[in-house]
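See structure below.
The values are calculated or read from the model by the stated rules, or taken from the named source; none is laboratory data. Predicted, not measured: the structure shown is a model, and the values here were computed from it. Cβ coordinates were reconstructed from backbone atoms using ideal geometry, including for glycine residues, and neighbour counts include every protein chain displayed.
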Amino acid sequence: MILLLIVLLFIGGCTHYTAVPAERRAIGSLYSVKSNVAWSQADEGGIQLWTIDGPLLEALRFVTLSDGDTLFQSTDKDEKLPRFRAHMTPNEVVEFFVASLKSVSGGVDTHQLSKGMVHPAQIRAGSINAASIDVKNLRPADFGRLPGFHFDFSFLSKEGLERQGIALGSIHEGRLLLMVYSGTREYYFDKHKQDVETIFSSVEIVK
Amino acid sequence: MKRFKFILVFCLLCAVCASCATPRGTPGAPDDMQPSQRPDASSDEAGLWMYMDRIESRLKTSGRVVTDPALNAYVRQIICKLDPVHCADIRIYIVDTPHFNASMAPNGCMQVWTGLMLRAENEAQLAYVLGHEMAHYLRRHTLQQWRTVRNTSTALAFFSLATAAAGVGFAGSLAQLAALGAIFAYSRDQEREADEIGFEIMAKADYEPVQASQIWGDLLAEDEAGGKSARSIFFATHPTTTERIATLRNLADKTAKERSSWTAGREAYLNAIQPFRKEWLHEEVHKGNFNGSMVLLNRLLKDQGASAELHFFLGELYRLRGEKDDCENARAEYEKALQLGNPPPEVFRSLGVVCLRMDKAKEACDSFEEYLKVNPDASDRQIIESYINRLR
Amino acid sequence: MKAKIVVAPRRATVLLLVSALLIVCGGCVTTSQRGDRCATPPASTNVLLIEPDIILFELTAGGLEEPRADWTETAKVNVAKKLDEVLKKTGDKLIPHQPPVNVPDRMHTQEQILKLHEVVGQTVLIHKYIPLYDLPTKQGCFDWGLGECVKSLKEDTGADYALFVYLRDSYASPGRAALIVAAAILGVGLQGGVQLGFASLVDLQTGQIVWFNRLISPVGDLRTPEAAEKAIQELLVNNPL
């Protein structure tokens, strides 16, 4: 019984997602963005994740990597994950991004979920776990006042659900600044794409 | 009373060790799968089939299946050559993933992963692996495995492995899967039985027996080079040691004497996979397993001779590995590819990137320009133009 | 025979405790949700029944779930039959979904709809039923949908709504049942079978989920038509049809 009470307290005081109001917001110490709509935010092992309908449906991720960092953290210490290198060109960053998406495995099991069992790592994996990744339209673009690049991508999730995405990034002083938005091709990607493009064009680099 | 106890203990042991020595013909051994046979609806086998049917229907719409009619027809004719009696019950799925694996589910769903097809050097090698898997199917080894594990705590993981190994929900963390696979590995007796039946099937179809130990020897070498984190799911579920490969070799020598000429089917095989090799090599080098992939590419170069395609991808491995001297190593491979003629057009882009890294601005610029000339419809044209503008 | 008690967790993780918590406090937990600003369906309407995703397991003495093909087949028949009867009573017509054949475009679209629904269902189960994962952007509101792609289903079948059903159910084997009785005598709680799942009703004009229900229940038996009726009533509680 005491154990249950402790659990109740734990749950009561702790939520995974916090509110992001529609205003200018710092992303780490390097830049800020402004959104016209409110989002829910979670921290996903070093990546800041924003969503409105739930990360399995759509998610905007803010990533800042240094030389040698992996895009996602793995629970498997032995796993060889692709690493960002400061000498990468934008098209090599795209290669790194694609290889990283492919390296995510696992996901949500509805049967386990209907028993109330799910882990944040499964939710993250459930929204990626990609195959058939196709990148198009890699082009130069502004990341605030920094020179950067923009690309479109599409992929299939583990269950064969089609997903789409856009990304804006910049390699600055040896670090990769990347904003990636993806959602289900049917309905959810389009639902908030405009809001995300607005965020992309609102980047202000901290002096 | 003593005798009764002994029988009881023996029966219990048999029940516990269901996957142990119950080869064909021994009392209590499962019958061979008969053509068009379906299990009784209330049996545990039927439950297993139902799960496998679900996995199969998900696999069908997963977008990970290679549907090319010619390639599928080619693999299908190998299966029917191996076993004309059962081939009507077998549904083949070529799964697009750069890992070596083949498997057969109890319901007749066979998977061949493109990583396997990239590695086989001839039709006989592919045929052997497929024949080996068919032996597991004919002897119902998966059902035996299920019966052994279902009374243990690892049983629940059985279906997640089946799902993962089905290529659905599988995209990485091979080490995790391999660890899981080790729990459900076929027993040594099951492997021995599959080897023997695989050989029977292969020999009847005229395939050269020595190719069996050849393909597994090659795979083992690659696996060892790749290190712990690149452990293969195939080897996790099919315990393979150098001793077993030696046994396979002896078996091959014995079988080989039965006939004067055998088929390896090298040309037919290389022709069949030619349209797909570039894509499969691309997936392979981007796996991030540089050491393993290098062993593979060097073996293919040795077996098939110099090719612009293979040298280009070897260059890609160096470029992606990015260790000391790798820029130079990559550049050397790209130059070889160019000399051999007709390289993949991406070679110019990659050459530009490594020259950039080596601060050779003019050469980088020239390479990028050549890339755009050769690739007028490049989807990354705009970014490459921006590199050229910055370099000028 | 079913008994509902908590299994002592093997690993002291919050998540397992949460699930135990749900089952204990749940008992007969069925919490349904209504879509925001969704029109109430008219008096008599056509409802497309997407093939229910059902698996029935046998719960062995060792506590493991073994899938049963025969029970699953029977359950699918019983569920479809009972749903049909229940809907007829409210003047609605149930149309079983026949996926298109030999029309690759339509097949592809409808496959994507089903896959999208599964992920939306998972999203609702995570973010509406597990307090730890509540989304501030969904506080006090329920506005999930599948978008306009569902029109393909409406055009094909003439249905106004689509009903999705996901069920997993397990039944104690005789060995398990005996064990439960024996354990109870010793004062130890052992889990019998539990019915888990969810159902959702989608408006095929707007794509919105107008009603969603999550089920955790030890009641009902899908293997017989009479007992299945109780389970279906539990599943369809508070539906707007």
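A few notes on this one:
- A:Val135 being away from chain C (no Cβ under 11 Å), over 26 Å from A:Ser29 (Cβ atoms), in contact with a helix residue (DSSP H, G or I) (Cβ under 7 Å, 6 or more places away or on another chain) and not aromatic (Phe, Trp, Tyr): yes
- The set of residues in the stretch B:32-64 being under 27 Å from B:Gln274 (Cα atoms) and in contact (Cβ under 8 Å) with a residue 60 or more places away in the chain consists of B:Leu59, B:Ser62, B:Arg64.
- Filtered by the rule that a residue be touching a Phe, Trp or Tyr at 6+ places or on another chain (Cβ under 9 Å) and touching a residue at least 24 places away in the same chain (Cβ under 8 Å), the stretch A:103-120 gives A:Ser103, A:Val104, A:Ser105, A:Pro120.
- Note on the stretch C:195-223: residues that are at pLDDT below 75 and in contact with a helix residue (DSSP H, G or I) (Cβ under 7 Å, 6 or more places away or on another chain) total 2.
- Some residue of the stretch C:100-122 being more than 18 Å from the chain's Cα centre (by Cα), farther than 30 Å from A:Phe155 by Cα and buried (at least 19 other Cβ atoms within 10 Å of the Cβ): no
Table: residues versus (1) surrounded by fewer than 21 Cβ atoms within 10 Å (Cβ to Cβ); (2) within 24 Å of the chain's Cα centre (by Cα).
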| position | (1), (2) |
| --- | --- |
| C:Asp134 | yes, yes |
| C:Gly140 | yes, yes |
| C:Cys149 | yes, yes |
| C:Thr157 | yes, yes |
| C:Asp160 | yes, yes |
| C:Val181 | yes, no |
| C:Leu201 | no, yes |
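- Subset of the stretch A:139-172 [in a loop (DSSP other than H, G, I, E, B) and either within 11 Å of chain B (Cβ to nearest Cβ) or at pLDDT below 95 (or both)]: A:Ser157, A:Lys158, A:Glu159, A:Gly160, A:Leu161
- Boolean, C:Lys230 is of a type outside the set (Phe, Trp, Tyr), more than 29 Å from C:Leu56 (Cα to Cα), part of a helix (DSSP H, G or I) and away from chain A (no Cβ under 14 Å): no
- A single member of C:Leu179, C:Leu215 is in contact (Cβ under 8 Å) with a residue 40 or more places away in the chain, touching a Leu at 6+ places or on another chain (Cβ under 9 Å), within 27 Å of B:Ser43 (Cα to Cα) and not small (Gly, Ala, Ser), and it is C:Leu179.
- If the condition is being within 14 Å of chain C (Cβ to nearest Cβ), within 23 Å of A:Phe97 (Cβ to Cβ) and in a loop (DSSP other than H, G, I, E, B), then the stretch A:53-70 contributes A:Gly54, A:Pro55, A:Leu56, A:Leu57.
- Output for the stretch B:314-335, where each listed residue is more than 29 Å from the chain's Cα centre (by Cα) and either buried (at least 17 other Cβ atoms within 10 Å of the Cβ) or of a type in the set (Ser, Thr, Tyr) (or both): B:Cys327, B:Arg331
- Highlighted here are the helices (runs of 4 or more DSSP H) found entirely within the stretch B:180-299 that include at least 1 residues which are without any contact (Cβ under 8 Å) to a residue 60 or more places away in the chain and closer than 25 Å to B:Arg139 by Cα: B:188-204, B:210-226, B:233-237, B:242-256.
- When residues of the stretch B:341-392 are limited to those that are part of a loop (DSSP other than H, G, I, E, B) and under 21 Å from A:Pro147 (Cα atoms), the one farthest from the other protein chains (Cβ to nearest Cβ): B:Arg392
- Residues considered: B:Gly217, B:Gly226. Of these, the only one that is at pLDDT 70 or above, within 19 Å of the chain's Cα centre (by Cα), within 14 Å of another protein chain (Cβ to nearest Cβ) and surrounded by fewer than 23 Cβ atoms within 10 Å (Cβ to Cβ) is B:Gly226.
Okay, residues lined up against (1) touching a Leu at 6+ places or on another chain (Cβ under 8 Å); (2) of a type in the set (Asp, Glu); (3) within 7 Å of another protein chain (Cβ to nearest Cβ); (4) closer than 26 Å to C:Ile55 by Cα:
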position	(1), (2), (3), (4)
C:Ile126	yes, no, yes, yes
C:Ile130	no, no, yes, yes
C:Asp134	no, yes, yes, no
C:Gln139	no, no, no, no
C:Ser152	no, no, no, no
C:Arg168	yes, no, yes, yes
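- Hits in the stretch A:17-60 (condition: crowded, with 16+ Cβ neighbours inside 10 Å and modelled with pLDDT under 90): A:Glu44
- Hits in the stretch B:301-323 (condition: free of Cβ contacts under 8 Å to residues at least 24 places away in the same chain and among the aliphatic types (A, V, I, L, M)): B:Leu301, B:Leu314
- Residues in the stretch A:117-132 that are at the interface with chain B (Cβ under 10 Å from one of its Cβ atoms) and within 24 Å of A:Asn91 (Cα to Cα): A:Ile128, A:Asn129, A:Ala130, A:Ala131, A:Ser132.
- Of the set (1) in contact with a strand residue (DSSP E or B) (Cβ under 8 Å, 6 or more places away or on another chain); (2) within 13 Å of B:Arg119 (Cβ to Cβ); (3) not basic (Lys, Arg), all apply to B:Gln304 but (1).
- The set of residues from the stretch A:100-115 being at pLDDT 80 or above, at the interface with another protein chain (Cβ under 7 Å from one of its Cβ atoms) and under 16 Å from A:Gly160 (Cβ atoms) comprises A:Lys102, A:Val108, A:Thr110.
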